[in-house]
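Beneath this line is the structure, given in structure tokens, with notes to follow.
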Amino acid sequence: MTKKIATREAYGQELVRLGADNKDVVVLDADLSKSTKTHDFMKNHPDRFFNMGIAEGNMMAVAAGLAAVGKIPFASTFAVFATGRAFEQIRNSICYPRLNVKIAATHAGVTVGEDGGSHQSIEDIAIMRSLPGMTVFVPADAVETAAAIRAAAEIKGPVYIRLGRSGVPVLHGEDFNFIPGEAVTLREGTDVAIIATGIMVSAALEAAETLAAEGISAMVLDVHTIKPLDIFAIVEAARKCGAVVTAEEHSIIGGLGSAVAETLSEHQPVPLQRVGVRDTFGESGKPAELLQHFGLTAANIAEAARKAVSKKK
Amino acid sequence: MDEKITNLKERAKAIRRHIITMLGEAGSGHPGGSLSAADIVSALFFDTMKLDPEKPDWPGRDRFVLSKGHAAPVLYAALAEKGFLPIEELLTLRKLGSRLQGHPDMKKLPGVEMSTGSLGQGISAAVGMAMGLRLDGGDQRVYALLGDGEAQEGQVWEAAMAAGHFKLDNLTAFLDYNNLQIDGPVDVVMNVAPLNDKWRAFNWHVIEIDGHDMAQILKAIEEAHATKSKPTVIIAKTIKGKGVSFMEDQVGWHGNAPKPEQVEQALKELA
């Protein structure tokens, strides 16, 4: 059994290190610091931590003001509140003036679990990638998360980082090289390309194993940056394999699946199957049960891959 | 003191003339709330704030956030008078390619500290600026100008709560209380009174003044500077459209530009 770490845990730990290295880094939270793990930063750098209370809209615009005077604010809350409640503050006070604010949103997707559909953000990627100038990171594991946090601090401008509540396998080694906007080929293949993001990357690797046993050679592409999207890598994968499957813990409307569909229809039309939440809200349950319930497992990806392959001319 | 007040009043009049001229040229925009804030803005830009038009990014400068962003003409006029942009550029207001957007855009025009226009957000940004500047131990001050209708936005009170909580005594907010918003009198559309008690309840120091009395404006700013461990709000009773007889206290002049003959008449009154 590989080691499992939630990406929010990795965020909290990296934030402490980043704060030690860069005194301009400040952190804001909206009364969820123990859940988002910014609590670790508060303990280590109390003068640069601001609990803004349960007022997410104000928190985002305050972060904009901090950025306007040279700080590098990381603002954290659950993804559903960050991108839903505070959408217009992110749009008008952060993205429109291209201010240097990092939004690290945790508890994205259905693996929030028992809290249910009100708290399970399945549309945040769609919302954030529609904003001009926004960088969108969806890390797949703890290593990618730490690297994305570092990269976010280096980028001059708004960044959205999507993080999860539940433990996920560590896929990358210490030597992993995270380049913003550059997708990572985790497995070579020739029959179908599985393009995955976030916690679905490990499921994609598992699906590729299953498919290999059936004689289907599946490539796995880890798209940790949804925006700017690695169009070149996606088109190349489609050209090489002739069939594509996308996998995300997000609605199939507006997220990775949509972004890939847009890209392929313009540049390299091939049969495409999207694995994701199918235009419905989440509900209470254990994370593993919910992944099963909403069709977000390795088995679902493998099935989608068989379908995509069967549609090849 | 008398001379200073005379000069600031003259400056406010010049700002008002610019507002009329640029709105007439633009053919759209918001004269009423720009004119009501002209005296406050004159005091801040020509007496109170440390600014250097030659170095708009000078870190030691004070910050001004126009939270009621639709009053952009009053800000542009003050910036032009101060030397941040050529006076003649005011005539590009709201035109394609202009640095003078319909609502202030900090990416386009130096001297604009925050992009505003979506009501309620500027005051939050000002809170963030005050927090950040204090963290660095600087003595810069942050000034925000809000509308009275804007106080209907819940975010204003989220920001007020945070500023009181963090005891931001380097933050001063002006509330331009002209009692008119697009749909009618503020107390008819959605009453915001009592504003003084509301701000006090959010742990602010509250000063109430006549927003067209220059001596009162300067005295209130002095009092705000002397107030420790609390942000200060200066609730300024004003007249929407102040300085132009046919615009004064008329709701119709919230968001309509004057026609050429009206520009002429207004400029005569402001001569």
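Quote the convex hull volume per residue of region A:118-224, based on C-alpha atoms, as a whole number of Å³. Each step should come with its number before you reach the end.
Numbers: hull volume 13.2 nm³, N = 107.
Convex hull of Cα atoms, per residue: 123 Å³.
Which of A:T83, B:T48 has the fewest other C-beta atoms within 10 Å, and how do the rest follow up to the most?
Working: A:T83 25, B:T48 20.
Ascending Cβ contact count within 10 Å gives the list B:T48, A:T83.
May I ask you to derive the FRET efficiency for A:K240 and B:W58 from their Cβ-Cβ distance with R0 = 60 Å, giving the value to the nearest 0.05? Spell out each step's value before the answer.
Values: r = 54 Å, r/R0 = 0.91.
Plugging the Cβ-Cβ distance into 1/(1 + (r/R0)^6) gives 0.65.
Which of rounded, prolate or oblate describes region B:1-156 when judged by the alpha-carbon gyration tensor and an a/c cut-off of 1.5?
Working: a/c = 1.40, a/b = 1.17, b/c = 1.20.
It comes out rounded by the Cα gyration axes.
Scan region B:171-271 for trypsin sites (Lys or Arg not before Pro) in coil per DSSP, keeping those whose Cβ has at most 10 other Cβ atoms within 10 Å, and list them by number.
Hits after loop and neighbour filter: B:K228.
Kindly express, to the nearest 10 degrees and within the range 0 to 90, the angle between helix A:142-154's C-alpha long axis and the longest C-alpha principal axis of chain A.
Its long axis makes an angle of about 50 degrees.
If we sort B:26-38, B:111-123 on the protection proxy, mean other Cβ atoms within 10 Å, highest first, what's the order?
Details: B:26-38: 25.5, B:111-123: 27.2.
Top to bottom by mean Cβ count within 10 Å: B:111-123, B:26-38.
Kindly provide the chymotrypsin sites (Phe, Trp or Tyr not before Pro) of region A:217-313 that DSSP labels as loop, not H, G, I, E or B, and whose Cβ sees at most 14 other Cβ atoms within 10 Å. List each step's numbers first, then the result.
Working: sites: A:F232, A:F281, A:F294; in loops: A:F281, A:F294.
Filter output for region A:217-313: A:F281.
When only DSSP loop residues count, what GluC sites (Glu not before Pro) in region B:1-92 have their Cβ near at most 11 other Cβ atoms within 10 Å? Mind showing how you got there, number by number?
Details: sites: B:E3, B:E10, B:E25, B:E54, B:E81, B:E88, B:E89; in loops: B:E54.
Passing sites in region B:1-92 are B:E54.
Does region B:57-124 come out rounded, prolate or oblate by the C-alpha gyration tensor, with a ≥ b ≥ c the root eigenvalues, rounded set by a/c under 1.5 and, if not, prolate when a/b is larger than b/c and oblate if not?
On the way: a/c = 1.84, a/b = 1.15, b/c = 1.59.
Oblate, since a/c reaches 1.5 and b/c is not below a/b.
How many percent of Cα pairs in region B:96-147 exceed 12 Å?
On the way: 884 of 1326 pairs.
Distances greater than 12 Å cover 67 percent of the Cα pairs.
Can you work out D for region A:177-301 in µm² s⁻¹ from Stokes-Einstein, where Rh is the Kirkwood radius over C-alpha pairs, the temperature is 4 °C and the viscosity is 1.567 mPa s?
Details: Rh = 14.4 Å.
Rounded, D is 90 µm²/s.
At 7 Å along Cα-to-Cβ for each site, give me the label-to-label distance between A:F281 and B:T227 in nm.
Simple spin-label model gives 4.3 nm for this pair.
Please give me the summed charge of the neighbours of B:S28: other residues whose Cβ is under 13 Å from its Cβ, Lys and Arg +1, Asp and Glu -1.
Values: positive: B:R94, B:K95, B:K259; negative: B:E25.
So the environment of B:S28 carries a net charge of +2.
So how many Å³ per residue does the convex hull of the Cα atoms of region A:1-68 work out to? Can you show the working numbers first?
Numbers: hull volume 6.6 nm³, N = 68.
Here the figure is 97 Å³ per residue.
Please compute, for peptide A:87-99, the average count of beta-carbon atoms on other protein chains lying within 10 Å of each residue's beta-carbon.
Counting other chains' Cβ atoms within 10 Å and averaging over A:87-99 gives 5.
Once chain A is represented by equal point scatterers at the alpha-carbon sites, with solvent omitted, what log10 I(q)/I(0) does the Debye formula produce at q = 0.10, 0.12, 0.14, 0.16 Å⁻¹?
Debye intensities relative to I(0), on a log10 scale: -0.51, -0.73, -0.98, -1.26.
Checking a compactness column here: for the protein assembly as shown, what do you get for Rg(Cα) / (2.2 N^0.38 Å), N being the number of residues? All intermediate terms of the calculation are to be shown ahead of the outcome.
Working: Rg = 27.0 Å, N = 584, 2.2 N^0.38 = 24.8 Å.
Cα-based Rg divided by the globular estimate yields 1.09.
Sorted from largest to smallest, which semi-axis lengths in Å does the alpha carbon gyration tensor of region B:9-72 give for its equivalent ellipsoid, taking the root of 5 times each eigenvalue? Intermediate results must be reported in sequence, preceding the final value.
Values: eigenvalues 105, 36, 26 Å².
Output for region B:9-72: semi-axes of 23, 13, 11 Å.
Within a 10 angstrom radius of the beta carbon, how do B:S98, B:S229, A:S33 rank from fewest other beta carbons to most? Kindly include the intermediate steps, with their values, before the conclusion.
Details: B:S98 18, B:S229 9, A:S33 21.
Starting with the residue having the fewest Cβ neighbours, the order is B:S229, B:S98, A:S33.
Lys and Arg at +1, Asp and Glu at -1: add these up for the other residues within a Cβ distance under 14 Å of A:K311 and post the number.
Details: positive: A:R274, A:R306, A:K307, A:K312, A:K313; negative: A:D191, A:E303.
The answer is +3.
Just add up the charged neighbours of A:T106: K/R +1, D/E -1, any other residue whose Cβ is under 9 Å from the Cβ of A:T106.
Working: positive: A:R8, A:K37, A:R162, A:R165; negative: none.
For residues surrounding A:T106, the net value is +4.
What distance in nm separates the two pseudo spin-label positions at B:K9 and A:K43, each 7 Å out from Cα along the beta-carbon direction?
6.3
Wrap a convex hull around the Cα atoms of chain B, take a quarter of its surface area, and give that in square nanometres. Intermediate values should be presented prior to the final figure.
Values: hull surface 51.7 nm².
Projected area, direction-averaged: 12.9 nm².
Please give the peptides B:159-165, A:127-133 ranked by average Cβ packing (other Cβ atoms within 10 Å per residue), highest first, as a rough proxy for protection.
Values: B:159-165: 24.4, A:127-133: 18.0.
Averaged packing, sorted descending, gives the order B:159-165, A:127-133.
Mind running the shape call on region B:80-222? Use the C-alpha gyration tensor, a ≥ b ≥ c as the square roots of the eigenvalues: rounded below 1.5 for a/c, prolate if a/b tops b/c, oblate otherwise. Don't skip to the answer; put the middle values down first.
On the way: a/c = 1.62, a/b = 1.24, b/c = 1.31.
It comes out oblate by the Cα gyration axes.
How high is the FRET efficiency between A:Q292 and A:K23 when r is their beta carbon distance and R₀ equals 60 Å, given to the nearest 0.05?
Working: r = 46 Å, r/R0 = 0.76.
With a Förster radius of 60 Å, E is 0.85.
Determine the relative contact order of region A:159-313: mean sequence separation of Cα pairs under 8 Å and six or more apart, normalised by residue count, in whole percent.
Values: 277 pairs, mean separation 38.4, N = 155.
Rounded, it is 25 percent for region A:159-313.
The numbers here are math on the coordinates, done by the rules we state, and not lab data. A quick note: this is a predicted structure, and the numbers were derived from the prediction, not measured. All Cβ positions, glycine included, derive from the backbone under ideal geometry; neighbour counts span all protein chains shown.
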